[in-house]
Ligand code: SIN
Ligand code: FE
């Protein structure tokens, strides 16, 4: 009999503050949940707005785009059409979230601390449902994260999200089948990278660093899932509502996910080398290498 495939899980964990030590059972559970491809949900962990920051809660602040991004190292903001006074407020809010989300991960996942790289912070003020985009950028479709211009060369993409919707509206996600099932379904129909294509992409400035064979396969998995409408409709999936005032964490390069609705969230991306994981065999890199029988980075 074929083994039944279940959608990924969302596990609630009791974490009471951004900057508070977590119980050792909570820490152990968090690593297991995340590396296994499930989502850690922290229902009570609210990101509180400071005085005046509610002015930032308007989609107009993102101009034509859907997200505003911050480089937490330099403080440089991208994608905002805010006036100067609001720009400072926006920067302050995003820098505070960048620092709290880092504190949260250091408390919850201390085993990763030495190896975590903090990347972009984003503010997402636009309603997801009905937002127009090309199919490739349409995050309402199930996918695993992989980005054309930012190869990770196998490093993990770990993301912290918080819902700051002022009307109490949840952010709705669907989580899909386990990564190994996605790989089993599609990988053998995906052609390998063209020889020398990674060097050419890098020379042309289309990628920020070399696109490894791993990045090639991840990008193609992302695209193939999104383009397969039958899969989108019929794949095993489970809807989950992340309440306003809650926070959640996932390795979004492994957890198949689709953001279906909601407005006003903050997100912080981190990168983690595979060897810093508690169990590197659970990484997309090692799963793909095992399936294809060769090294991919
Ligand atoms: C995504 O990573 O696909 C979007 C998630 C979200 O904005 O809730
Ligand atoms: Fe995504």
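The values are calculated or read from the model by the stated rules, or taken from the named source; none is laboratory data. Only a predicted model underlies this, so the values are computations on that prediction, with no experimental measurement involved. So basically every Cβ, Gly included, is an ideal-geometry build from the backbone, and we count neighbours across all protein chains shown.
Summary of computed values
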quantity: Failed condition for residue 31, given (1) on the phi < 0 side of the Ramachandran plot; (2) assigned to a loop (DSSP other than H, G, I, E, B); (3) touching a residue at least 24 places away in the same chain (Cβ under 8 Å); calculated: (2)
quantity: Residue count for region 34-62, restricted to those that are in contact (Cβ under 8 Å) with a residue 12 or more places away in the chain, in a loop (DSSP other than H, G, I, E, B) and more than 21 Å from residue 116 (Cα to Cα); calculated: 10
quantity: Some residue of region 188-196 being modelled with pLDDT of 95 or more and under 18 Å from the mean Cα position of the chain (by Cα); calculated: no
quantity: Among the candidates 178, 148, residue that is farther than 14 Å from residue 259 by Cβ, under 17 Å from the mean Cα position of the chain (by Cα) and modelled with pLDDT under 95; calculated: 148
quantity: Hits in region 119-159 - residues which are touching a strand residue (DSSP E or B) at 6+ places or on another chain (Cβ under 6 Å) and closer than 21 Å to residue 271 by Cα; calculated: 119, 120, 121, 122, 123, 124, 139, 145, 155, 156, 158, 159
quantity: Matching residues in region 208-220 - criterion: being surrounded by 19 or more Cβ atoms within 10 Å (Cβ to Cβ) and either farther than 14 Å from residue 146 by Cβ or in contact with a helix residue (DSSP H, G or I) (Cβ under 6 Å, 6 or more places away or on another chain) (or both); calculated: 211, 214, 217
quantity: Residue check for residue 65: in a loop (DSSP other than H, G, I, E, B), more than 20 Å from residue 242 (Cβ to Cβ) and within 23 Å of the chain's Cα centre (by Cα); calculated: yes
quantity: Failed item, numbered, when residue 90 is tested on (1) under 30 Å from residue 289 (Cβ atoms); (2) touching a helix residue (DSSP H, G or I) at 6+ places or on another chain (Cβ under 6 Å); (3) buried (at least 16 other Cβ atoms within 10 Å of the Cβ); calculated: (1)
quantity: Odd one out for residue 271 among (1) under 30 Å from residue 110 (Cβ atoms); (2) out of contact with any helix residue (DSSP H, G or I) (no Cβ under 8 Å at 6 or more places or on another chain); (3) more than 16 Å from ligand 2 (Cβ to nearest atom); calculated: (3)
quantity: Matching residues in region 249-266 - criterion: being over 12 Å from residue 170 (Cα atoms) and within 14 Å of ligand 2 (Cβ to nearest atom); calculated: 249, 250, 251, 252, 253, 254, 255, 256, 257, 258
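Each row is one residue, and each column tells you yes or no for (1) within 11 Å of ligand 1 (Cβ to nearest atom); (2) outside any loop (DSSP other than H, G, I, E, B); (3) surrounded by fewer than 23 Cβ atoms within 10 Å (Cβ to Cβ).
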| position | (1), (2), (3) |
| --- | --- |
| 101 | no, yes, no |
| 107 | no, yes, yes |
| 111 | no, yes, yes |
| 130 | no, no, yes |
| 136 | no, yes, yes |
| 140 | yes, no, yes |
| 145 | yes, no, yes |
| 149 | no, no, yes |
| 152 | no, no, no |
